Amino acid sequence: MKKDVVCLKVGGSVITRKEVEDFPIEIDEIRNRATEFIKLRAVRRVSEEIKSTLNKIRLPILILGVGPFGHYLVKKGLESRKVHASVFIFAKTMERILKKFGIECRYIERFSPFSSMKFEGDGLVFEKLEEMKKFDGTLLLTGDVSKDGKIVSGDLLLSKLSVEFRANRAVAATDVDGLFTKDPKKHK
């Protein structure tokens, strides 16, 4: 029996301490303190929910919202290479954590938005899409910045890659119910 293909994005507000007042700016400090900004209990719960469905679905893409690892640094105006380095630290840390919780996934640097995509007009183009499709397993992706400094959101990745991978479903997990046109934490 052929499994349904599902692409999943778990929002940064679910798995990270996204609304921090202070986040390290130096890469070595980000590396040393990374787990302080990850909600391990939530990651465990999400991992258990994913594991319970893998006998029914194929999960080629798992996108993780980066929380402060990207958003805080972008707001501070840091250069794209530094933001990308922080996102890379987050992705590799999450890969190790998810594997400990039983999720077989791989973050592959060459598939990150920083390394493998560009904008053409308003569209996002993955230069390594065919190579991504050949990967047999779950690719771990994050939002990121492009080399020219444009922000690539996890939501954009979810919509683009769900189409490209011919997913039966695209699922976005967040800590707020419903669909919104503005941040429901700030607007009624």
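Miscellaneous remarks
- Residue selected from the range 116-167 under the condition among the β-branched types (V, I, T) and out of contact with any Asp or Glu (no Cβ under 6 Å at 6 or more places or on another chain), by the criterion farthest from F90 (Cα to Cα): V163
- Residue satisfying all of: in the range 27-59; part of a helix (DSSP H, G or I) and either in contact with a Leu (Cβ under 9 Å, 6 or more places away or on another chain) or β-branched (V, I, T) (or both); surrounded by the fewest Cβ atoms within 10 Å (Cβ to Cβ) among these: T35
- Residues of the range 124-150 that are within 13 Å of the chain's Cα centre (by Cα) and modelled with pLDDT under 95: G143, D144, V145.
- With respect to the conditions (1) out of contact with any helix residue (DSSP H, G or I) (no Cβ under 6 Å at 6 or more places or on another chain); (2) modelled with pLDDT of 95 or more; (3) farther than 25 Å from K186 by Cβ, I38 lacks only one, and its number is (3).
The values are calculated or read from the model by the stated rules, or taken from the named source; none is laboratory data. Please read these numbers as outputs of a predicted model, since none were measured by experiment. For neighbour counting, all protein chains shown are included, and Cβ atoms are generated from backbone atoms with ideal geometry for every residue, glycine included.
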